[in-house]
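Trainee: Dropping a structure here in structure tokens format, bear with me for questions.
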Amino acid sequence: MGNDVVIRLDGISKIYRMGMQEVRALDNVSMTVCRNEYVAIMGPSGSGKSTMMNILGCLDTPTHGNYILNDIDVSEMDDSELARVRNKEIGFVFQSFNLLPRYSALENVALPLVYSGVPRKEREQRAGAALENVSLADRMEHRPNELSGGQRQRVALARALINNPSILLADEPTGNLDTRTSIDIMRLFNDIWHKGNTVIIVTHEEDIAKYARRIVRLRDGKIESDIPNPDPTIF
């Protein structure tokens, strides 16, 4: 596999069995994503985009096919192996932020480093630097309920990047934000991409997908189209 390929999906299918019925959420999907690409994955409800996100994020495994992430075959890993890969290779950003309410911004950002066995002093230094990078140096000791929605998503972004992951994977990252705040967050994603990160956003919103440089559309578990974005929104 070429050094520039971060993700390779080969013939990925995901089948769920509901009683006697078989639901094919993904159907023989193949795709590659190279380092420093900015990709949006789109599709209507039931298209398979949530299943695709779960597999890309090592939250689930395919029924058939192979998933190679940064030269690691994760297709048949067990839960503990997948957890290690997730912590090292993938930064997650969710619509609901997924911050721990009793932890400060600094503690939330540092959490992945706890699982990596990083000493406390280094954790705090790295988490502080990550919060400075998203313009939250003055909010490090604030808890999530003391932050705005946009600030909480910035904390989530800092946490997602703390381990220098191979990919940043975002699920509807502006779904709970107003239009102005959404633009601010997408500007941050743009900055992160320009710094060399690989960014994948799963969204149903055309306005958000337009920030990406490549758009993959799913329908009925298959890739309907996969093309460069001819007119990306540029800051």
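Trainee: What angle do you read, to the nearest 10 degrees and between 0 and 90, between the alpha-carbon axis of helix 79-89 and the longest principal axis of the chain?
Mentor: The angle comes out at about 60 degrees.
Trainee: Can you tell me what share of the DSSP beta bridges in the chain is antiparallel? A percent to the nearest 5 is fine.
Mentor: Here the share of antiparallel DSSP bridges comes out near 55 percent.
Trainee: Right, another one. Report, in deg cm²/dmol and to the nearest 500, the calculated mean residue ellipticity at 222 nm for the chain, where each DSSP H run with n ≥ 4 adds -39500 (n - 2.57) and the sum is divided by the residue count.
Mentor: -10000 deg cm²/dmol
Trainee: Quick one: angle between helix 149-161 and the longest Cα principal axis of the chain, in degrees between 0 and 90, rounded to 10, please.
Mentor: Orientation of helix 149-161: about 70 degrees from the principal axis.
Trainee: Give me the angle, in degrees from 0 to 90, between the Cα long axis of helix 105-115 and the longest principal axis of the Cα atoms of the chain, rounded to the nearest 10.
Mentor: With rounding to tens, the tilt is 60 degrees.
Trainee: Shifting gears a bit: Residues of region 122-146 with backbone nitrogen within less than 20 Å of a virtual label 7 Å along the Cα-to-Cβ line of residue 102, please, listed as ranges.
Mentor: Of the residues in region 122-146, 141-146 have backbone N under 20 Å from the label point off residue 102.
Trainee: I would also like to ask the following. Could you work out what % of the accessible surface of the chain is carbon and sulfur, using a 1.4 angstrom probe and leaving DNA, RNA and ligands out of the count?
Mentor: That fraction is 45 percent.
The values are calculated or read from the model by the stated rules, or taken from the named source; none is laboratory data. Remember, predicted model here, so these are calculated numbers, not experimental data. Positions of Cβ are generated from backbone atoms using ideal geometry, with glycine treated the same way; all protein chains shown enter the neighbour counts. Quick note on the areas: whole protein, heavy atoms, side chains included, nothing else; ligands and nucleic acids left out. Shrake-Rupley method; radii C 1.70, N 1.55, O 1.52, S 1.80 Å.
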